[in-house]
1. Using a 10 Å cut-off around each Cβ, can you sort A:200, A:184 from fewest to most neighbouring Cβ atoms?
2. In whole Å, what are the Cα extents of region A:441-487 along the three principal axes, biggest one first?
3. Roughly how crowded by other chains is peptide A:362-368, in terms of the mean Cβ count from those chains within 10 Å of each of its Cβ atoms?
4. Write down the radius of gyration of region A:288-423 and its Dmax, each obtained from C-alpha positions, in Å.
5. To make sure I understand, if each residue's beta carbon is the centre and we count other beta carbons within 10 Å, what order do A:62, A:96 fall in, fewest to most?
6. Using mean Cβ contacts within 10 Å as the protection proxy, how do A:403-412, A:422-431, B:15-24 order, highest first?
7. Quick check on packing: order A:159-165, A:349-355, A:329-335 by the mean number of other C-beta atoms within 10 Å, highest mean leading.
8. Can you report the principal axis dimensions of region A:1-126 using only the alpha carbons, biggest first, rounded to whole angstrom?
């Protein structure tokens, strides 16, 4: 039994109404495809920070980062620290993002066409969409699980609740594109942040810092504070996460879309430096919630599922009135993520995968129609794949694999495209093939063959190796292709 | 409150300092972005309206 009351329901309903109305109202400002996909490149600094932070924090993020806190203690927040460093350095130096934004492209594969040709642009678009949509496919159900456990709602209504939520998000995203995403992200950032901060202070007040520290010390010893002394982490975990998060900062579609929608390159870079510290909060705040769950819940209450420990704990300690703020905050987090993911991956389908069909320039009206249709189809895909289809197996491995399929090759291509003159289509093709096949091969070897235990124990070593091999594939492939006499 | 913070800093100062920095930064940036972001939306929509004329 949780403390979700009529007052809480009213807070959530009011939040949903205001967001939907705001999202739909800005549709009248959309006149061109550029308005729809990159908000006419009129996004300024503070709106960019709100939008990037809101997009990168969904319920699924909250669940896994809390699980990291529950399973690894404070050391579980290390990926957040690494993302902060990567994003700050990329924003400060302009590494890759400056040439990318200066080029005036709408998507990363569009930049690749200038260096590697149209086939690599198309292949990159396919890999990006495949990795991104499969990654996003599990968001709805995980979000639903959180809301059911926190609010004490009947789990039988999970599918219906999340379907209605997705339809609401899809309506304003289809009508207003990036403009609706930015305006609703702004509102969602405020609600989400208020909820995260208030609940964290409440937990610190009720549980106490000493209890949190002692709980981590008791369960994990020094390894709960130092990732290098944690049995499940170590150097390979830190290096893999540094590579993974740097690649995400450079190429993850929802992040880079903010640089591309910024009014100029300097603003795009400031959005990165200004948002960078949020990524520490993104891991540390839910991590503290996870540690609090470890401190407060009995093994019977956890029932062997560390993923649901945090929402169960919140359902028990958050009082009526504040529960509404928490649910509204988490809905805000999820809606901003869903809308942005649908739009930005839809933009790659339209701009890059459909590029061969747009050799004769399309009218703005036709372009907008197709963009809206693609988003509606992504919504249908999410509904079928993510909600009504129950995924078997380990979700965390699933997210890591689908992410790496895309991140390893796209980050290598982007760096080579921006800074290596000798890079060419052979190297790009080799990197894309290796980046797509190696994660799948690793997953297969974890399940089949004589060395399954080794591959399971050394999954982060394999992850680091994939990035190194993809980079080598780019170098060797590029060097093997005969140089043009014009170069 | 002060005693609590001192107690925090005596135990595993890195995570305590990071948690404090996180909560202070996040609270501040939320208020700052809430105020400045509204201006950004207003200016963005104004410029889009002007560009259509």
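1. Final ranking by Cβ density, sparse to dense: A:200, A:184.
2. The Cα atoms of region A:441-487 stretch 51, 17, 11 Å along their principal axes.
3. Whole-number average of other-chain Cβ neighbours for A:362-368 is 0.
4. In order Rg, Dmax, the Cα atoms of region A:288-423 give 21.3, 64 Å.
5. If I rank by nearby Cβ atoms, fewest first, I get A:96, A:62.
6. A:403-412, A:422-431, B:15-24
7. Result, highest mean Cβ count within 10 Å first: A:329-335, A:349-355, A:159-165.
8. Answer, in whole Å and largest first: 59, 46, 29 Å.
Each value in this text was obtained by applying a stated rule to the coordinates, not by laboratory testing. All values derive from a computational prediction rather than experimental measurement. Positions of Cβ are generated from backbone atoms using ideal geometry, with glycine treated the same way; all protein chains shown enter the neighbour counts.
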